[in-house]
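Working notes for the structure below.
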Amino acid sequence: DIVPIRDIRSINILFPTYPVTYDRKSNVRGNGSKPKGRNPKVWHTYGASSYMAHMMSREDPGSILSYLRKRQWANSVSASTSSSFSDFSVFSITIACTDTGITEHVSDIVESVFAYLNIIRDAGALKWYFDEISALSAIKFRFKSDEHPFSCATIRASRLHDYPINKILSASWIEPSFDQEAIETMIDALTPEKCLLIVMHKSFDGKVDLQERWYNASYSVRDLDARLIESIAKGPNKEALDHLKMPVPNQFIPESFDLLPFEKPEALRMKGGLKKNGTDKMNKLQYHSTLVRKAGLNDRTIALTDLCHTHIEDKRKVALATVEKNLLEQWEGKDDVWRPPALIQANDNSLLWIKQDTTFLRPETTVRLLLKSSRFSESPLQHLKTLLYINLIDDCLSESNYPAAVSGLNYTRGIDSCGFGITVLGYSDKIERYFEFIVSSFRDTSGFEEGLFNRIKENVSKSLSNERKNSPLSHAQKKLYHICQNNIWTAEEKLAHLENITLQEIKDQEQYIFAGAQLELFAYGNVSIQQSQQLLQTAESYFGCDRSGSEVSFPRTANFDARKQYIYVEHCQDHENPNSAVIVSFQLEPVSPPLQAFCAILEQFSHEIFFHQLRTNEQLGYICYASHYSINGILHFKFCIQSNSKDPIYMNDRIEQFIHSWGDRVDSLDETQFENLIHSFINNTLQEKRNMQSEEGYWYASIENGLYDFTFRIETAHAAAGLTLEDFRELYHQYFPWAAPNRKKIVVGTMAKNHAIQLFGEDYDEIMENKESEGFGSVLDGYLSSEAREHGEVVHVSTIQDVLSSTQFYPPNKELIQ
């Protein structure tokens, strides 16, 4: 029994058993030699281990997880050979439990696991199931993405200890031949008499008698209950026997891997026609109509003259040499990876983008569906309801989706302040069928039941509560984003509404959140134009019937006043964490290629200097870095430190001192150093994408943010190539020095309890009576140094609403870009 630090509810069943080898018959490991030391007479094989891992980790109907979920006892089950040595190995089964499962049904869960193991034992080794696993593994190996050379070499070197040398590339992917004896030997080794049962839950606090020496975790050790072993020996109850079944053949395994030929897209077409000077239909869309019209009507795009430029040393020359190309035609060779998506269809309430892959030539397709509507996240309560809704859908999908998931078809989903997104990806052969299966499931609430709802509600509560245990720097980062923009909600704001939400309210969400949502679909990879249009038609049939169009409130960023420093420091929610953290952020201007280039080069220049000064010399903390970022199209630059020795006020002072000395370094930067920075930045920016995932992710990011800035990389490199050292210095002196005219500083800190006691002394208890759930605000005024006050007018922030209610906002992206 273990008392965890976080709110963990899990049962681990460990079986110390025979060692694992690739080839049981010859008992070889590594380069073919027998292991040194003890040489066991019995071995498991990797094939047998994989067979049992798949069998126990199933999620489809009849699986152990399906049974436990229906009883509301568990959320997930996983299994694997977790450790393997020359003379023994450990096979582990891990069950993530619900609160009811871990407090009331540990014995029932364990009995169910062994009942299923008995069913597997009685069925024997199924060759068709092993062949199915092998076929899927072979497909994954055949179409796996290219690896980084360094990772590839080091991983293969380590595998020389485990596989014959002629198998080190494929052995971890492709299963060895079917070995019935090895599988049955492994099944027979998984018995209650040979297991170690580990139960983790906070309810053991005060009931255990031991403490481990390094992390002071509390635990106890005792013999397995004899009554449990006796109950297991009697066999499973009738309900378990009726539910637990062996698997059935998978219907989602891909059969065709044909690559589709490139098709030249037609110019943008709209239902009812398209006028060159615009259309009422386009204006009905809550998209950036100017940008969409430009993307749809203009078949030309900017590109580099030398898209493959590794052989050219002068990177300024590369970035300055641009040319216009036709984005509707295939580009030569690997150059096609730079060709942007084409907008090929715009309906009353939807847009369709397509990019056929002609570079990586893999039979895979990614479909991104964006549903833009403010209804998904218009308030903390509404965001929480949407979160519960999609978690319920996920759970309802888990069993029926499992065969597709193991066959290389997957989906993800997410919500933000602009709407909701569904991503479907995998082998092209079954992608259309799978896409319809997923999108239709998000409109189906028939599986929503009270028991399931309570379990999902409990999981969400645990997840939101566990955020308190996140690192202080992670908390500071989230607070920074909350302070800088509207329509974003904290875990505390969502938790405040969770208890009172009912199942009926969540069922009602199906009609509310999707009403009038505006669709945007991006099809990428091995996909035809006709298929992409069919995918959009499928999406419209489930989400696009209501043409009224709901309001899309694009998030906006606070426009902080120049020559002011906004300070928000809160007490660390995890009182046992000894670390404090601070983020000193500077707001610049709306994103533009020249400013983006400046920030990226400045980050490159400051990275090692900042770490060396504040980490190596001053020993402030192990996490210490500087970087640039953007929020809703507004550029920022931040300095971050997490420290177990100093409080946020002290760290802020040291960062300011660094910025002061940093200006001297900028002013003393010579032409040779600056030229190296420019060349390095251009080279990194213009690197071609190495795989389908990175290329698709780049294009999709430009669609998701609503900017459609597909050529931004090229434009940024072009701007950097035109940047002079004097330009660089001038931009620096505009935003960062203490006397900079456009200096907008935001300080966000998380203060550990031990640091707060040191800072406030005898006043700590009195201060904390009112500041446990908000920032310290003006309490910090007496602890700021006189020098810190000279860096701009101090604005103390107690609550996030203080800032959002008193600050002007930048326009949303749409207006900024127009």
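Residues checked against (1) crowded, with 20+ Cβ neighbours inside 10 Å; (2) in a strand (DSSP E or B):
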{"residue": "Ile415", "(1), (2)": "no, yes"}
{"residue": "Asp429", "(1), (2)": "yes, no"}
{"residue": "Tyr434", "(1), (2)": "yes, no"}
{"residue": "Asn454", "(1), (2)": "no, no"}
{"residue": "Ser465", "(1), (2)": "no, no"}
{"residue": "His497", "(1), (2)": "no, no"}
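Is one or more of the residues making up the range 622-638 of a type in the set (D, E, K, R) and either in contact with a Gly (Cβ under 6 Å, 6 or more places away or on another chain) or open to solvent by 40 Å² or more (accessible area, probe 1.4 Å) (or both)?
Within the range 622-638, none of the residues are of a type in the set (D, E, K, R) and either in contact with a Gly (Cβ under 6 Å, 6 or more places away or on another chain) or open to solvent by 40 Å² or more (accessible area, probe 1.4 Å) (or both).
Considering each residue of the range 86-96 in turn, at least one proves to be modelled with pLDDT of 90 or more and surrounded by fewer than 17 Cβ atoms within 10 Å (Cβ to Cβ).
Screening Leu381, Leu392, Leu343, Leu371 for residues that are within 21 Å of Phe420 (Cα to Cα) and open to solvent by 20 Å² or more (accessible area, probe 1.4 Å) leaves exactly one candidate, Leu381. Only one entry in Val221, Val208 is open to solvent by 80 Å² or more (accessible area, probe 1.4 Å) and either under 16 Å from Tyr46 (Cβ atoms) or in a loop (DSSP other than H, G, I, E, B) (or both), namely Val221. The residues of the range 681-716 that are within 30 Å of Phe420 (Cα to Cα), open to solvent by less than 30 Å² (accessible area, probe 1.4 Å) and aromatic (Phe, Trp, Tyr), listed by number, are Trp699, Tyr700, Tyr708, Phe710.
Yes or no, residue by residue, for (1) part of a loop (DSSP other than H, G, I, E, B); (2) of a type in the set (A, V, I, L, M):
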| site | (1), (2) |
| --- | --- |
| Leu521 | no, yes |
| Val527 | yes, yes |
| Gln534 | no, no |
| Thr538 | no, no |
| Pro555 | yes, no |
| Ala558 | no, yes |
| Asp561 | yes, no |
| Glu576 | yes, no |
| Gln587 | no, no |
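Listed here are the helices (runs of 4 or more DSSP H) enclosed by the range 101-200 that have at least 1 residues being closer than 27 Å to Asp223 by Cβ and either open to solvent by 30 Å² or more (accessible area, probe 1.4 Å) or in contact with a helix residue (DSSP H, G or I) (Cβ under 6 Å, 6 or more places away or on another chain) (or both): 106-123, 180-189. Just one residue in the set Tyr764, Tyr783 is closer than 25 Å to Lys646 by Cβ and open to solvent by 40 Å² or more (accessible area, probe 1.4 Å); that residue is Tyr783.
The criterion of being charged (D, E, K, R) and under 30 Å from Thr322 (Cα atoms) holds for Glu704. The condition (being in a helix (DSSP H, G or I) and touching a Ser or Thr at 6+ places or on another chain (Cβ under 8 Å)) is satisfied by just one residue among Glu399, Glu378: Glu399. Taken as a whole, the range 717-724 holds at least one residue that is more than 36 Å from the chain's Cα centre (by Cα) and open to solvent by 60 Å² or more (accessible area, probe 1.4 Å).
I'd like to check something: does the range 532-547 contain any residue that is of a type in the set (Asp, Glu) and touching a strand residue (DSSP E or B) at 6+ places or on another chain (Cβ under 8 Å)? So far as the range 532-547 goes, yes, one or more of its residues are of a type in the set (Asp, Glu) and touching a strand residue (DSSP E or B) at 6+ places or on another chain (Cβ under 8 Å). Selection of the range 152-170 for residues being under 35 Å from the mean Cα position of the chain (by Cα) and either at pLDDT 90 or above or over 30 Å from Asp258 (Cα atoms) (or both) yields Ala153, Thr154, Ile155, Arg156, Ala157, Ser158, Arg159, Leu160, His161, Asp162, Tyr163. Tell me, yes or no, whether the range 226-245 has at least one residue that is within 30 Å of Gly408 (Cβ to Cβ), touching a Phe, Trp or Tyr at 6+ places or on another chain (Cβ under 7 Å), assigned to a loop (DSSP other than H, G, I, E, B) and not hydrophobic (A, V, I, L, M, F, W, C). Within the range 226-245, not a single residue is within 30 Å of Gly408 (Cβ to Cβ), touching a Phe, Trp or Tyr at 6+ places or on another chain (Cβ under 7 Å), assigned to a loop (DSSP other than H, G, I, E, B) and not hydrophobic (A, V, I, L, M, F, W, C).
Any residue at all in the range 339-347 that's at pLDDT below 90, under 28 Å from Gln533 (Cα atoms) and either hydroxyl-bearing (Ser, Thr, Tyr) or not in a strand (DSSP E or B) (or both)? Taking every residue of the range 339-347 in turn, none turns out to be at pLDDT below 90, under 28 Å from Gln533 (Cα atoms) and either hydroxyl-bearing (Ser, Thr, Tyr) or not in a strand (DSSP E or B) (or both).
The values are calculated or read from the model by the stated rules, or taken from the named source; none is laboratory data. All values reported here derive from a predicted model rather than from experimental measurement. Note that we place each Cβ from the backbone using ideal geometry, even for glycine, and neighbour counts take in every protein chain shown. Note: areas computed on protein heavy atoms with side chains; ligands, DNA, RNA excluded. Shrake-Rupley method; radii C 1.70, N 1.55, O 1.52, S 1.80 Å.
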